[in-house]
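To start, the structure itself, in structure tokens.
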Amino acid sequence: MMLSRNYGTCLILFLLASSTLFAPSISQLDSPWAAKKRHMREEVRKMFYHAYENYMKHAFPHDELKPLTKSFTDSLSELGNLKLEHLPNNYNGSALSLIESLSSLVIMGNNTEFERAVRWLSENLTFNVDARINLFECNIRVLGGLISAHILATDSTNRLVQGSYKNQLLNLAEDLGRRILPAFATPTGLPYAWINLKYGVIENETTETSTSGCGSLILEMGALSRLTGDPRYESAALRALRKLWSMRSSLNLLGTTLDVTTGEWIEYSSGIGAGVDSFYEYLCKAYILFGKEDYWRMFQSAYLAVQKYFRHGPWYHEADMRTGKATYWQLTSLQAFWPGLQVLVGDIAAANSSHREFVNVWKKYGVIPERYLLDHQMLHPTEKYYPLRPELAESTFYLYQATKDPWYIQVGESIVNSLNSYTKVEGGFASVRDVTTMQLEDHQHSFFLAETCKYLYLLFDDSFLVDRNYIFTTEGHPLPILSSWHEKLPETYIPTNWTYAKGEQQTRRASAMSRQVCPAMALKSGYGVQPMESACHIPDTRADHRCFGDEECGVDSTTCRRRSCSMAGYCGLWIL
Ligand code: DMJ
């Protein structure tokens, strides 16, 4: 019995589109790597349950576990507190870590526990509470967790008992959606970062928010609209996203923070890390999920600007959105998601080279420090922590799916080993306060259950994805790619000028983008690149992308544009 508390309970878009690519070949099954993967899968399963059971024992139904003191926290500055019905007035908590665990339970095949959790949430969770919550965090963790779990609960292929399930999670999600809508009632349509679930936006609420705070809501709110037939959620998120995009500079760059009432930038410097990261991710994934070409156009321009102004070899620095000039030369732990996004768009070589640098940092410190000052070659004095973040595991999963290179299995193994040796304690998994001393901090973030364990598990065992077609939200919650979602609300538009691979089933069309073929280019064979990846992809001559002339650069897999050699000697999409 797992629970000690009685609680009554955009691409390798081929990766997403082609179920056959998830299927293990006979040779893979027979290989020594198959045994290694099985062993590692079990190691990850143990990790997940150690974290989950300790949460259930010591913290549930509060939000998150404090593994050192075996207690709980509801005082997430990011999320505020939600309250549960049927519990004493002073008993706060939204069972956040339980909501975040739902899709991981299904992926690991524990349908019984999933059902018990769904039943408990259906009976106990309420959002009618005087709680000031962070819109972004609540959207990706709570709304995303509920919507994804609702879809899993109603998907017959999961063989979950559905008799007792009557859309309670969707009803909860809709209730939450209604409560967060007033945050969008600003002159610009850009939402406030904070809202009280009972009383709406409170007086004198801060008008400052981040780019990711108003640019990464579209997956969850769009899915909510598709599931409920109520277009308001998607429209609000889309309006905010369009407004944000209109605020870009002539270089197609955005800042990091802005004012929601004036629509003016507060911080002009930005990169691909904190405050911006999921904005890029959601442009690409919104295109995959909803098929609107608008998203792809925005993503493409934004992606090219990132590669042009932020990238320095395998590293990414920050730059001023107005001038494109470098501002801060810093490596941050959150940036490690970028190679995963690059896999989605088929830029495997670039993904691989950045990923390798993050792996080197992981090897150097045992985990990835939150911030490293590249120009001073030292850790940031106050950001030496590692809060069990998932980003490196996430990118490793995507790169393994794209390449099947067993090296990524080894990377995953070393991530698991580090987590077990440095962060596992009797009461769960603890964040690292200081990577130089490996001193621990009393906090097991919910994303450890939602993402870190999930991506590691999927790296070693992707059977959940076989014959399925999912995109993962920024919090690791799976959403199915359905052709019907490409045809509904609020506008219908599916590009027709693309070539689709043969044998594609219309009902499972998935991301239209996944089958995009650049018409003028023929696939070059002999590079070990599968046609499905991108029909125009020609790798740079050197794996590290160094060059002396344009002829050593290949053709970009996303844009099908010829790459050129920069003054600094790197191949890239330097000339727009
Ligand atoms: C997660 O909550 C999400 O992935 C978010 O987009 C940023 N990163 C954290 C975990 O590191």
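The values are calculated or read from the model by the stated rules, or taken from the named source; none is laboratory data. Everything numeric here is computed off the predicted structure, so don't read it as measured data. Cβ atoms come from the backbone with ideal geometry, glycine included; neighbour counts cover every protein chain shown. Side chains included, ligands, DNA and RNA excluded: accessible areas come from the protein's heavy atoms. Shrake-Rupley method; radii C 1.70, N 1.55, O 1.52, S 1.80 Å.
Rounded to the nearest 0.05, what FRET efficiency do residue 204 and residue 297 give with R0 = 30 Å and r taken as the Cβ-Cβ distance? Could you check?
Efficiency computed from Cβ-Cβ geometry: 0.20.
Can you give the net charge of the other residues whose Cβ lies under 10 Å from the Cβ of residue 186, counting K and R as +1 and D and E as -1?
Spelling it out: positives minus negatives among the neighbours equals 0.
Using 0.36 nm per residue, how much length does the chain from residue 567 to residue 378 gain when fully extended, once their Cα-Cα distance is taken away?
Working it through step by step, the gained length comes to 65.3 nm.
If you build the convex hull over the alpha carbons only and average its shadow over all orientations, what do you get for the stretch 274-346? Give it in nm² to one decimal.
That works out to 5.0 nm², a quarter of the Cα hull's surface.
At 7 Å along the Cα-to-beta-carbon direction for both residue 132 and residue 487, put a label point, then send me their distance in nm to one decimal.
Distance between the two pseudo-spin positions: 4.7 nm.
If each of residue 433 and residue 410 carries a label point 7 Å out from its Cα toward its Cβ, how far apart are those two points in nm?
Going from the residue 433 label point to the residue 410 one covers 3.6 nm.
Give the dimensionless ratio obtained when the Cα radius of gyration of the stretch 386-496 is divided by 2.2 N^0.38 Å.
For the stretch 386-496, the normalised Cα radius of gyration comes out at 1.33.
Hey, any idea what % of the stretch 128-226's accessible area is carbon plus sulfur with a 1.4 Å probe?
Exposed carbon and sulfur together represent 45 percent of the surface.
I need the Kirkwood Rh of the stretch 292-392: take the reciprocal of the average 1/r across all distinct C-alpha pairs and report it in angstrom.
Answer for the stretch 292-392: a Kirkwood hydrodynamic radius of 14.5 Å.
Rounded to whole Hz and in sequence order, give me ³J(HN,Hα) for the stretch 323-331 from the Karplus expression 6.51 cos²θ - 1.76 cosθ + 1.60, θ = phi - 60°, writing x for Gly and Pro.
Calculated HN-Hα couplings, in order: 10, x, 7, 4, 10, 10, 9, 9, 9 Hz.
Report the calculated FRET efficiency for residue 69 and residue 38 (r = Cβ-Cβ distance, R0 = 35 Å), to the nearest 0.05.
After rounding to 0.05, the efficiency reads 0.50.
Return the loop-located GluC sites (Glu not before Pro) in the stretch 175-249 (DSSP other than H, G, I, E, B) with at most 13 other Cβ atoms within 10 Å of their own Cβ; answer none if there are none.
203
Across the stretch 363-417, how large is the tail of the calculated P(r) beyond 18 Å, expressed as a percent of all Cα pairs?
42 percent
Using θ = phi - 60° and the Karplus curve 6.51 cos²θ - 1.76 cosθ + 1.60, what whole-Hz ³J(HN,Hα) does each residue of the stretch 369-376 get, with Gly and Pro shown as x?
x, 4, 8, 10, 8, 5, 6, 9
Find, among the chymotrypsin sites (Phe, Trp or Tyr not before Pro) in the stretch 180-275, those assigned to loop by DSSP (not H, G, I, E, B) with at most 10 other beta-carbon atoms within 10 angstrom.
Filter output for the stretch 180-275: empty list.
What residues qualify as long-range amide H neighbours of residue 555, i.e. H under 5 Å apart, gap of 5 or more or another chain, H built at 1.01 Å from N?
538, 563
Do any of 285/404; 36/363; 363/454; 198/285; 308/363 go past 26 Å between their Cα atoms, and which?
198/285; 308/363
If you place +1 on the Cβ of every Lys and Arg and -1 on the Cβ of every Asp and Glu, how big does the dipole about the Cα centre of the stretch 91-225 come out, in debye to the nearest 20?
Here the size comes out at about 280 debye.
Report the residues of the stretch 192-220 in range of a label on residue 264: point 7 Å along Cα→C-beta, backbone N strictly under 15 Å from it.
Those under the cut-off are 207-209.
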